[in-house]
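The values are calculated or read from the model by the stated rules, or taken from the named source; none is laboratory data. Note that the coordinates shown come from a computational prediction; the quantities given were computed from them, not determined experimentally. Heads up, the Cβs are rebuilt from the backbone with ideal geometry, glycines too, and the neighbour counts pull from every protein chain shown.
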Amino acid sequence: MKIVLVFPPFYLSSLYNLPPLGLINLATILRGAGHEVTVIDLVLAIRRNTLSLGVSIYHESVQLILQENPDLVGFSVQCTTFPAVVRITELLRMQKPGLKIVLGGHDVSFADQLTLEKFPWIDAVIRGEGELTFKELASAYAEGKTPAGISGTTWCCDGTVLRNGDRDLIAHLDDIPIPDYSFVPSLAIYRDACSLPRSIAILEVGRGCPHQCVYCSESVMWRRRIRTFSVDRIIGEMHHLSENFSAECFLLAYDQFTADRGFVEAFCGRVLDEGLNRIPWYCISRLDSMDPPLLRLMHEAGCESMCYGIDSGSKRTLAFIRKQIDENILFQRVKETTGEGLVPTLSYIIGFPAEERVDIDQTLALALKTGIQGNNNPLLQMPTVLAGTELHRRYSDRLVREVDTYFSLGLEFDNGRRLKEDCRLIDSNPLLFSSFYNLPCAGLTLDELHRLASFFPLIVNLYPKTFLLLSIAVTESVSLLFERFLAEVQQNEGLAAPDLTLNQCRKHLPPFVEKVLREAKVSTWAHLPDIVSYENLFLDVGRPTGNNTPATADLCRLDEQLPLRNDAMQICAFTWNVADIIDDLKQGVYRDSYEKETTIIVAFQKDGGIELMEINEFGRDLILLTNGTRSFTDVVEILAERYGQGMERQEFYFECSAALAQLIEMGTIIIHPQEQ
């Protein structure tokens, strides 16, 4: 039988695309059973401009599929792509009536009967784990049989929807063949088409989740069981993907990677033994299963980053979610993770039905506190109501459509808008397309929540110290304070709707802080403007620079050199000792006053990051005098008038030479040979 497996069209410029591992798994098994299999990734086709965005995108998708002349077409269905799959399958049925059409994925696994009732041109839905079910279903269709008796299948028979019994989960994941990545274009093509920094391969290391979070369908899908591939299998696949498919990075697919400490330690040990730690990897973890020694081991083994589902800073909300984690551990674990050199993605959710403003403010405050630790990527979302979850069961009668959330974007195919037919389809059935809907929240309007989800992460990234201290200083709700700031930006910029960019933050936040403090008549917190300036340093230094590269000076010939300060370097003088204040903030200490202590800090780019160093007035003047027109000898002569009293000129020269060498090594000063 000729089978085409399709990853449906989806485009969101802010998200990258990776090879569809689930379809690659299925294709590997189906080919092993004697079928001719093709995988079509329509997301990649959009990225490579072989599938055009526009009103005809579904018709073009159908033609790409039918040119393979398939007998059976299988679709992976997830959240946003569900309407696209419905539209494409209807067109396929019209153009090739005898074609078998099968769907699989989380959404349809929990909405299988309703899907087939509403869209009778679909032949079957594979529920849950699909490898064995699809193999049996394809064999049945190839032999002209029905899916009767095939576990895990829901199917249509003469207009009646039949639901076979559930299939047992695969007992040993190693029984699944190693996925053959040759079914899709090379990892380098994905990298270049999706503007990725490296060729990334998804590597499945386990399945399942034992927890009961109300918004997540993972634990339901996997029946609250966890299973892992063997360490031998995972290590072998890492070698295979690196050596045969040029993988430069691995995304370890498993929501509970650190659930079993022994498994993680064994995996990391083998990675180190095999020298695979040269290839970076990313994983998903829970905060309560980590500690510094394990983080250290993972980092040594090549882990660069991980995703933590923090969800909320509110004890009441965590209880509602059924997230069984001590809220006091959240901040500590993030601090430990960043302290070990790892960069976590921190996922927060705001706007559950019973949440009040105070609950949401506690989450926003936690996001700011973790942002103060630096080196993390905040993701702030509104709840998505997924089929199969407790949210869906309890609140599906309250669904409304007002704003687009994280899991409802990607179908804007008509000049940045959804196709009208897609909108009508979504409107026709909230239960099936619930990921496009919202749940009203007790504490904030959906518009307020949407603005927070869209723009507040920028504050967490750029000004976490400033914004947290400002809210504490004026004892104002974080969410209300942010609304005031957005309104200020909108008014000052003359915008038709709220918006926020890096440059707008840089321009409007400093005067906003001064205005809020002045209006609140705050007598303390005089150091807060210095914190704004401190955070501005990172923005100024982080701007793109030229191609200047630091050079090591020949100290024996400094008088022939023209030192030039690096354009990316910034110097800032502070009235307070900001280093001490930042140390307090990282420890969760928020003092309203400090003794004045003038400090000078130089910020500079180094090894892809930004470093700060406290310097004295001599160091500041040395840097400022190196403007590319003075020789080092001239610089020394100028400095000697202020700092060289009581020293022999040669001694002072060597002092300046040593200081310059250190600044060159740091990268704050470069050396240009004097033109002849």
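Residue by residue through the range 294-305, note down the ones that are surrounded by fewer than 22 Cβ atoms within 10 Å (Cβ to Cβ) and under 25 Å from residue 587 (Cβ atoms).
So the first thing to find is which residues in the range 294-305 are surrounded by fewer than 22 Cβ atoms within 10 Å (Cβ to Cβ), and the list is 294, 296-297, 299-302, 304-305.
Of everything in the range 294-305, those that are surrounded by fewer than 22 Cβ atoms within 10 Å (Cβ to Cβ) and under 25 Å from residue 587 (Cβ atoms) turn out to be 294, 296, 299, 305.
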Hey, does the range 52-60 have a residue that's closer than 27 Å to residue 187 by Cα and aromatic (Phe, Trp, Tyr)?
-> yes
Give just the number: which of (1) touching a residue at least 40 places away in the same chain (Cβ under 8 Å); (2) assigned to a loop (DSSP other than H, G, I, E, B) does residue 197 not satisfy?
-> (1)
Unmet requirement for residue 473, which otherwise passes all of (1) at pLDDT below 95; (2) farther than 30 Å from residue 106 by Cα = (1)
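Quick test for you: out of 74, 34, 54, pick the one residue that is assigned by TED's automatic domain parsing to the domain that holds residue 139, of a type in the set (Gly, Ala, Ser), out of contact with any helix residue (DSSP H, G or I) (no Cβ under 6 Å at 6 or more places or on another chain) and in a strand (DSSP E or B). So that I can check it myself, show each step before the final result.
Numbers: 34 fails: in a strand (DSSP E or B); 54 fails: in a strand (DSSP E or B).
Of the residues listed, the single one that is assigned by TED's automatic domain parsing to the domain that holds residue 139, of a type in the set (Gly, Ala, Ser), out of contact with any helix residue (DSSP H, G or I) (no Cβ under 6 Å at 6 or more places or on another chain) and in a strand (DSSP E or B) is 74.
Residues that are in the same structural domain as residue 210 (by TED's automatic domain parsing) and either among the acidic types (Asp, Glu) or touching a Phe, Trp or Tyr at 6+ places or on another chain (Cβ under 8 Å) (or both), at least 2 per element: which helices (runs of 4 or more DSSP H) completely within the range 231-309 meet that?
Passing ranges, in order: 231-245, 261-273.
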Qualifying positions in the range 440-465 - closer than 25 Å to residue 111 by Cβ and either surrounded by fewer than 21 Cβ atoms within 10 Å (Cβ to Cβ) or of a type in the set (Lys, Arg) (or both) | 440, 446
For residue 483, work out the one condition from (1) of a type outside the set (A, V, I, L, M, F, W, C); (2) surrounded by fewer than 15 Cβ atoms within 10 Å (Cβ to Cβ); (3) in a helix (DSSP H, G or I) it doesn't fulfil.
-> (2)
Among the residues of the range 642-669, write down those that are more than 23 Å from residue 612 (Cβ to Cβ) and among the charged types (D, E, K, R).
-> 642, 648, 649, 651, 655
Mind checking whether some residue in the range 327-343 is crowded, with 22+ Cβ neighbours inside 10 Å, at pLDDT 90 or above and within 19 Å of residue 463 (Cβ to Cβ)?
-> no
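Residue check: is residue 559 in contact with a helix residue (DSSP H, G or I) (Cβ under 7 Å, 6 or more places away or on another chain), surrounded by fewer than 19 Cβ atoms within 10 Å (Cβ to Cβ) and either assigned to a helix (DSSP H, G or I) or at pLDDT below 80 (or both)? Outline the logic, then answer.
Working: in contact with a helix residue (DSSP H, G or I) (Cβ under 7 Å, 6 or more places away or on another chain): yes; surrounded by fewer than 19 Cβ atoms within 10 Å (Cβ to Cβ): yes; either assigned to a helix (DSSP H, G or I) or at pLDDT below 80 (or both): yes.
In short, yes.
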Residue check, residue 80 of a type outside the set (D, E, K, R) and modelled with pLDDT under 95 | yes
From the residues in the range 145-194 that are among the β-branched types (Val, Ile, Thr) and not in a loop (DSSP other than H, G, I, E, B), which one is nearest to the chain's Cα centre (by Cα)?
-> 189
From the list 600, 581, 638, which residue is touching a residue at least 12 places away in the same chain (Cβ under 8 Å) and touching a His at 6+ places or on another chain (Cβ under 8 Å)?
-> 581
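Count, please, the residues in the range 93-115 that happen to be among the charged types (D, E, K, R), farther than 17 Å from residue 146 by Cβ and part of a strand (DSSP E or B). Before you say what the answer is, go through the steps one by one.
At the first step, the residues of the range 93-115 found to be among the charged types (D, E, K, R) are 93, 96, 100, 107, 112.
Applying the additional criterion that residues be farther than 17 Å from residue 146 by Cβ yields 93, 96, 107.
Pick out the ones that are also part of a strand (DSSP E or B) and you get none.
Qualifying residue count for the region: 0.
Does residue 646 count as on the phi > 0 side of the Ramachandran plot and out of contact with any Phe, Trp or Tyr (no Cβ under 8 Å at 6 or more places or on another chain)? Before the answer, list the steps.
Details: on the phi > 0 side of the Ramachandran plot: yes; out of contact with any Phe, Trp or Tyr (no Cβ under 8 Å at 6 or more places or on another chain): yes.
Yes.
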Scanning the range 587-634 for residues that are acidic (Asp, Glu) and either surrounded by 15 or more Cβ atoms within 10 Å (Cβ to Cβ) or in a strand (DSSP E or B) (or both) gives 597, 611, 614, 621
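Considering only residues that are free of Cβ contacts under 8 Å to residues at least 60 places away in the same chain and either farther than 30 Å from residue 376 by Cβ or outside any helix (DSSP H, G or I) (or both), which ones fall in the range 439-461? Steps first, answer last, please.
So the first thing to find is which residues in the range 439-461 are free of Cβ contacts under 8 Å to residues at least 60 places away in the same chain, and the list is 445, 447-448, 451, 454-455, 458.
Within the range 439-461, 445 is the sole residue that qualifies.
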Residue 221 vs (1) surrounded by 17 or more Cβ atoms within 10 Å (Cβ to Cβ); (2) touching a Lys or Arg at 6+ places or on another chain (Cβ under 6 Å); (3) touching a residue at least 60 places away in the same chain (Cβ under 8 Å): all pass except (2)
